[in-house]
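The next block holds one structure in the form of structure tokens; read it before the comments.
All of the numbers you see were taken from the coordinates with simple rules; none came from a lab. Source: prediction; values computed, not measured. Glycine gets a Cβ as well: all are built from the backbone with ideal geometry, and neighbour counts include every protein chain shown.
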Amino acid sequence: MIDVALRPATPADAPAILRLHRDSILSLGIGSYSLAEVESWAAGLVAERYVEAMNKGGETFIVAAVADGALAGFCSFGDDEVKGLYVAPEWARRGVGSALLRRAEATISAGGHRLIRIIASLSGAAFYERHGYRVVERRDWKSRGGLVSAALAMEKALFAP
């Protein structure tokens, strides 16, 4: 475990979020998907999309920063759904994703939701299972690059604080 500072993302973070998102997909996704699938998943990422989602897309973005201020991960969520949670490859399996997920769950719970949902990649399934999520169904997911890959609809019951 490392010390990470969680904070709301700002539009100025968008270029760093983009790099982290792409690196995470290409490095960590390859264990569960083919090279063509991860490249299709990472295709079409643009910094403007994060800014748009922050400003008017109904998503909350939080980032995890490490001691030198570099971004180690980010999470986006809205209503009762985690829309994305990605960790920089060099910070994977060191508590960054868990810290981000705990913050997202607490915020979603504080909003009155009692169930949290996510469409998880195969490479993220074990992480979410360790945090109490269960697979609801296996489904096809069409990436930005157009390829269809396997994904998992998962959910977790939240309890009133």
Size of the dipole of region 120-161 about the Cα centre, Lys and Arg at +1 and Asp and Glu at -1 on the beta carbon, nothing else charged, in debye to 20? 80
Taking every DSSP beta bridge with both residues inside the chain, roughly what % is antiparallel (nearest 5)? 95
Among ALA104, ALA88, ALA65, which one shows the highest mean-square fluctuation when the chain is modelled as a Gaussian network with alpha-carbon springs under 10 Å? ALA65
Of the residues MET54, LEU122, MET154, the Cα lying farthest along the dipole of the chain towards its positive end, which is defined by charges on the beta carbon of Lys, Arg, Asp and Glu, belongs to MET154
In a Gaussian network model of the chain with springs linking alpha carbons closer than 10 Å, the residue among GLY97, GLY124, GLY31 that fluctuates most is GLY31
When the helix-only estimate is applied to the chain (DSSP H runs of n ≥ 4, each -39,500 (n - 2.57), divided by the residue count), what is the mean residue ellipticity at 222 nm, nearest 500 deg cm²/dmol? -10000 deg cm²/dmol
Scan of the chain for trypsin sites (Lys or Arg not before Pro) in DSSP loops with at most 13 other beta-carbon atoms within 10 Å gives a longest site-free stretch of 1-92
Starting from a Cα-only point model with no solvent, please compute log10 I(q)/I(0) by Debye for the chain at q = 0.14, 0.15 1/Å. -0.69, -0.80
Put +1 on the Cβ of every Lys and Arg and -1 on every Asp and Glu Cβ in the chain; which of ALA65, PRO11, GLY31 then has its Cα farthest towards the positive end of the dipole? GLY31
What does region 84-161 give for Rg and for Dmax, in Å, if only its C-alpha atoms count? 13.4, 41
Fully extended contour minus Cα-Cα distance, from ARG49 to ALA92, at 0.36 nm per residue: 13.1 nm
Quote the charge dipole size of region 10-80 about the Cα centre in Debye, to the nearest 20; the model charges only the Cβ of Lys and Arg (+1) and of Asp and Glu (-1). 140
Interchain or sequence-distant (5+) residues whose placed amide H lies within less than 5 Å of the amide H of VAL136 are ALA153, MET154, GLU155
Once you charge only the Cβ atoms, +1 for Lys and Arg and -1 for Asp and Glu, what is the size of the charge dipole of region 1-123 about its Cα centre, to the nearest 20 debye? 240
Square roots of five times the Cα gyration tensor eigenvalues for region 24-67, Å: 25, 16, 8
Here, SER34 and ALA110, labelled 7 Å along Cα→Cβ, have an inter-label distance in nm of 4.5
Candidates VAL87, VAL136, VAL96; GNM for the chain (alpha-carbon contacts under 10 Å) flags as most fluctuating VAL136
